[in-house]
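Before any comments, here is the structure.
The values are calculated or read from the model by the stated rules, or taken from the named source; none is laboratory data. On a predicted model such as this, the values are computed, not experimentally measured, just so you know. Cβ placement follows ideal geometry from the backbone for every residue including glycine, while neighbour counts extend to all protein chains displayed. All accessible areas refer to the heavy atoms of the entire protein, side chains included, with ligands and DNA or RNA removed. Shrake-Rupley method; radii C 1.70, N 1.55, O 1.52, S 1.80 Å.
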Amino acid sequence: MESNFDQDKIEHIQVNSLAELDQLVSQKFELPQRPYSTDIRAALELVAWNLENSDGPHFEIFRTEDHGLPGLPFVASFEPEPDVWGYGQTAPLAICQAALYRLKRVQFNLVSQDNNF
C-alpha cells in the first residue's frame with residue numbers, strides 16, 4: 001500500500017486488492033482481520049466502533065440507483081450532514097469508504113481491475 005497526505009491532512013492510500021483494504025481497515029480501527037469489504041456483518045463492526053468511540057455517533061446507509069454515482073448504488077454516512085457520503089458498488093464497500101474517510105481521515109483508491117469502491 002502506498003500512502004501520502006494532502007494539504008487537508010487527509011491520508012491517501014492506494015490499495016491493490018480487497019484483502020489489502022481489509023488489512024487497512026483492521027489497522028486503522030485496531031480491529032481483528034476480517035473481510036470488512038465483502039461481508040456486511042464484518043462491515044457493521046465499523047458502525048459498532050463508531051457507537052463506542054465517537055462523541056456524536058451517526059450512521060445511515062441506503063441503496064439508490066437514481067441518486068448514487070454510476071455503478072455505485074450504495075451510499076453510507078457517518079455524519080449527519082446531508083452532503084457527506086461514501087459510495088460503493090456493495091454495501092460493505094460503501095461502509096468501509098465512509099468509515100475510513102470520516103472517522104480516520106483516510107481516502108483509499110482501489111486499483112484492482114475487477115473492483116471499484
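Just a few scattered comments:
- Within the range 1-13, the set of residues being open to solvent by less than 70 Å² (accessible area, probe 1.4 Å) and in contact (Cβ under 8 Å) with a residue 60 or more places away in the chain comprises Ile10, Glu11, His12, Ile13.
- All positions within the range 43-58 that are among the hydrophobic types (A, V, I, L, M, F, W, C) and more than 12 Å from the chain's Cα centre (by Cα): Ala48, Trp49, Leu51
- Among residues of the range 1-13, those that are part of a loop (DSSP other than H, G, I, E, B) and charged (D, E, K, R), counted: 3
- The criterion of at least 3 residues that are surrounded by 15 or more Cβ atoms within 10 Å (Cβ to Cβ) and touching a strand residue (DSSP E or B) at 6+ places or on another chain (Cβ under 8 Å) is met, among strands (runs of 3 or more DSSP E) falling completely within the range 14-117, by 74-77, 86-88, 106-110.
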